[in-house]
1. Go through region 123-137 residue by residue and tally those that are within 9 Å of the ligand (Cβ to nearest atom) and either in contact with a strand residue (DSSP E or B) (Cβ under 8 Å, 6 or more places away or on another chain) or more than 16 Å from E170 (Cα to Cα) (or both).
2. Take region 95-122 and flag every residue that is away from the ligand (no atom under 16 Å from the Cβ) and of a type in the set (S, T, Y).
3. Filter region 155-206 down to residues that are hydroxyl-bearing (S, T, Y) and under 24 Å from G25 (Cα atoms) and give me whichever is surrounded by the most Cβ atoms within 10 Å (Cβ to Cβ).
4. Which condition breaks for F90 when tested against (1) away from the ligand (no atom under 11 Å from the Cβ); (2) touching a residue at least 40 places away in the same chain (Cβ under 8 Å); (3) of a type in the set (F, W, Y)?
5. When you check T150 against the structure, is it within 19 Å of G119 (Cβ to Cβ) and among the hydroxyl-bearing types (S, T, Y), yes or no?
6. Here are some residues: S59, S81, S26, S37. Which one is of a type outside the set (A, V, I, L, M, F, W, C) and either modelled with pLDDT under 95 or under 14 Å from the mean Cα position of the chain (by Cα) (or both)?
7. May I ask you to say which residue of V138, V92, V86 is β-branched (V, I, T) and under 19 Å from I206 (Cβ atoms)?
Amino acid sequence: MLRITVCVSGGGTNLQAIIDGVRQGSIPNTEIAGVISNNGNAYALERARQAGIDAVCVSPRSYEDRERFNEALLAAVDRTSPDLIVLAGFLVVLPSALIRKYENRIINIHPSLIPSFCGTGYYGLKVHEAALARGVKVTGATVHFVDEGTDTGPIIMQRAVAVRQGDTPELLQRRVMEEAEWIILPESIALIAAGRVSVEDGQVKITDRER
Ligand code: GAR
């Protein structure tokens with residue numbers, strides 16, 4: 001059984017896709033050990049509670065400096081004893097100590113086709129604003145392992161989504177979620193739970209299903 005801890009900041013629609021996938025069996029052999037939010041008002045916390053999952057808020061505002069917050073975040077993660085940490089719209093820069101401790105055991109969903117529209121300053125709606133401003137005709141989402149860079153870790157899965165005439169950032173964000181994020185994040189977790197994902201020389205290898 002793969003124990004996952006999901007880190008969130010906002011609405012939690014990706015968390016919901018994971019909860020539903022675990023419940024319905026499309027993410028087999030997986031249990032959600034806990035949900036951690038940096039934002040006490042995140043609707044994601046409510047989704048977790050409604051699903052009966054332990055959910056805690058670790059807010060930078062409750063700590064006197066970044067170092068204390070980082071320690072508290074690491075302690076909160078450790079308490080859940082995860083095999084895998086899933087960043088599902090988590091808008092906090094992870095402490096290096098956490099990244100090193102959980103090397104190749106943290107994944108993130110990003111709402112573009114990396115390496116486009118990623119890195120510092122590209123998060124949430126800003127990613128879709130930038131894609132529309134550039135006039136790309138195809139965008140999408142990426143699931144990747146987290147390393148010490150911003151959106152630089154090994155890519156596990158990507159899915160493309162067409163940009164349409166008349167798209168607003170909000171419309172595009174929603175379509176990227178529906179057609180890409182809510183599909184590839186659960187699929188990536190299922191692959192990891194099945195032991196089919198490894199990282200070799202900085203690249204993800206996905207092994208075939210046993211026949
Ligand atoms: C999602 O679109 C996710 O890809 C994005 O935040 C949104 C969270 O929505 N993440 C990033 O931009 C990370 N750089 P949700 O709370 O409804 O899952």
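1. 2
2. S96, Y102
3. So the residue we want is S188.
4. If we test F90 against (1) away from the ligand (no atom under 11 Å from the Cβ); (2) touching a residue at least 40 places away in the same chain (Cβ under 8 Å); (3) of a type in the set (F, W, Y), just (1) comes out false.
5. Considered against the rule, which asks whether it is within 19 Å of G119 (Cβ to Cβ) and among the hydroxyl-bearing types (S, T, Y), T150 comes out as yes.
6. Result of the check over S59, S81, S26, S37: S37.
7. Step by step, each of V138, V92, V86 is checked, and only V86 is β-branched (V, I, T) and under 19 Å from I206 (Cβ atoms).
Yes/no matrix, rows are residues, columns are (1) among the charged types (D, E, K, R); (2) open to solvent by 50 Å² or more (accessible area, probe 1.4 Å); (3) touching a helix residue (DSSP H, G or I) at 6+ places or on another chain (Cβ under 9 Å):
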{"residue": "L84", "(1), (2), (3)": "no, no, yes"}
{"residue": "G89", "(1), (2), (3)": "no, no, yes"}
{"residue": "L98", "(1), (2), (3)": "no, no, yes"}
{"residue": "E103", "(1), (2), (3)": "yes, yes, no"}
{"residue": "F117", "(1), (2), (3)": "no, no, yes"}
{"residue": "A133", "(1), (2), (3)": "no, yes, no"}
{"residue": "V143", "(1), (2), (3)": "no, no, yes"}
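The values are calculated or read from the model by the stated rules, or taken from the named source; none is laboratory data. Keep in mind that this is a model prediction, so the values were computed, not measured. Here Cβ is always computed from backbone atoms with ideal geometry, including for glycine, and neighbour counts include all displayed protein chains. The accessibility values were calculated without ligands, DNA or RNA, using every heavy atom of the protein model including side chains. Shrake-Rupley method; radii C 1.70, N 1.55, O 1.52, S 1.80 Å.
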